[in-house]
Amino acid sequence: EAGAHAIVLGHTRDDQAETVLMRLLTGAGPRGLAAMAPRGPGLRVRPLLAIPRTRILAYLSDGGHSYCTDPTNADPAFLRNRIRERILPVIEREIRPSARRTLAREALLFREITEHLDAEAAQALDGLAQRTEGKISLAREGLLSYDRALRRCVLRAAAREVLRGPDTITLVHVEALLELIESRSTGGAASLPGGARAVLDREGLSIIRAPDPAPSAWGPVPLAVPGDTHLEAAGMVLRSHVEDAVPQISVSTERSQAVFDLDGLRPPFDARSRRPGDRLFPFGAPGSRKVQDVLVDAHVPRGRRDRVVIVEDADGIVWLAGVRRSARAPVTGGTRRILRLEICSGPARERPS
């Protein structure tokens, strides 16, 4: 929402070493031992990943800089903390003084291996896969022509592509897919995260995404103006403020807020889910448009379009909450009272701290 190109994280070489050891002890494969990436997933970057924690603390001390310490870092209930405080010091004292540097280097080597395999797997997948909406089918004999290491990577890449969401595919899931494709029988199946499933037939292996649940229609729910309205069906709270207009009104550019000339609207105000045929006069655009088309242009994922909250007054839609406001009742120099609507909480957007 801020238009940022990166989220910069402060993980150090010590954090990387702890991650490698933690994943080794809990049974991660080569991908898990690659630990944290300097870039990714998403917008995450870790510019301090090759720098020891002691060097960073020395820099802060020399410059007189203060810093925060998360109190949970001292809680032995967390495996990472026990590795940091109990296991790594013993390894450095009795086995290898440079253990942290060695473990971080191993992560780099594993990352190079997995990145190479991922590139090979992507190429192999394109040659094997038949894609339809929510489904990938893999030719059995074609997949079996690759060695097992690459086979695993192809299966993982296919499952990730079908699931689309956060990377929840684990080694357990990949092994289940591998067992299916290598079995001599047909008709087997395996469950995957998010309700997805894999099915083996004579042609090969199909990985199928669970259909998006169709949310039930709800509303209209009367909005408190001013005040908070808890929209349980949408999992959010809408807050409304009525403010006197001042020359330098603060108009947020965040999509989680919208402001209107209150006297240009016609109460009462309601919130509801979208309905077939809904139309909006988008701010800055000529004429009315289907709400469906506005959501598509705003890149709202298909599975979330029915979850967008619609705010309306007696004359029609005024705001697609978190997406776009209507052209009605703009704030001008003649505005006397302002209605400010704000998404305060909910799964789709969280209020900035």
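Numbers at a glance
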read-out: Alpha carbon Rg of segment 1-59, scaled by the compact-globule rule 2.2 N^0.38 Å; value: 1.27
read-out: Nearest-20 debye value, segment 96-194 charge dipole, Cβ charges on Lys, Arg, Asp, Glu; value: 360 debye
read-out: Accessible carbon and sulfur surface of the chain relative to its total accessible area, %, 1.4 Å; value: 53 percent
read-out: Bins of 20 Å from zero: percent of alpha-carbon pairs in the chain; value: 22, 39, 34, 4
read-out: Fully extended contour minus Cα-Cα distance, from Phe78 to Glu94, at 0.36 nm per residue; value: 3.4 nm
read-out: Alpha-carbon centroid distance for the pair segment 1-76 / segment 324-343, whole angstrom; value: 44 Å
read-out: Cβ charges +1 (Lys, Arg) and -1 (Asp, Glu), total dipole of the chain, debye; value: 360 debye
read-out: Percent breakdown of C-alpha pair distances by 10 Å bin, ordered from the shortest bin, for segment 1-158; value: 9, 28, 30, 20, 11, 3, 0
read-out: The chain, helix-only ellipticity at 222 nm - DSSP H runs n ≥ 4, -39,500 (n - 2.57), divided by all residues, nearest 500; value: -9500 deg cm²/dmol
read-out: Fraction of beta bridges assigned by DSSP in the chain that are antiparallel (%, nearest 5); value: 95 percent
read-out: Calculated from backbone phi, Karplus (6.51, -1.76, 1.60) coupling profile of segment 114-128 in Hz, x at Gly/Pro; value: 5, 5, 5, 5, 5, 5, 5, 5, 4, 5, 5, 4, 4, x, 9
read-out: Along principal axes, Cα extents of segment 118-196, largest first, whole Å; value: 29, 28, 24
read-out: Evaluated over segment 204-243, the Cα radius of gyration and Dmax, each in Å; value: 17.9, 63
read-out: Stretch gain in nm, segment Thr132-Asp70, where the contour uses 0.36 nm per residue and the Cα spacing is subtracted; value: 17.7 nm
read-out: Probe 1.4 Å, protein heavy atoms only - accessible area per residue of the chain in square angstrom; value: 59 Å²
read-out: All-pairs alpha carbon distance profile, segment 218-342, 5 Å steps from 0, percent; value: 2, 11, 23, 25, 21, 12, 5, 1, 0
read-out: Leading residue at positive end of dipole, the chain (Cβ point charges), from Ala245, Gly63, Pro220; value: Gly63
read-out: Two-site label geometry, Val45 and Arg275: point separation in nm, points 7 Å out along Cα→Cβ; value: 4.8 nm
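The values are calculated or read from the model by the stated rules, or taken from the named source; none is laboratory data. Being a predicted model, the structure only gives us computed values, none of them experimental. Backbone-built Cβ (ideal geometry, glycine too); neighbour counts: all protein chains shown. For accessibility, only protein heavy atoms count, side chains too; no ligands or nucleic acids. Shrake-Rupley method; radii C 1.70, N 1.55, O 1.52, S 1.80 Å.
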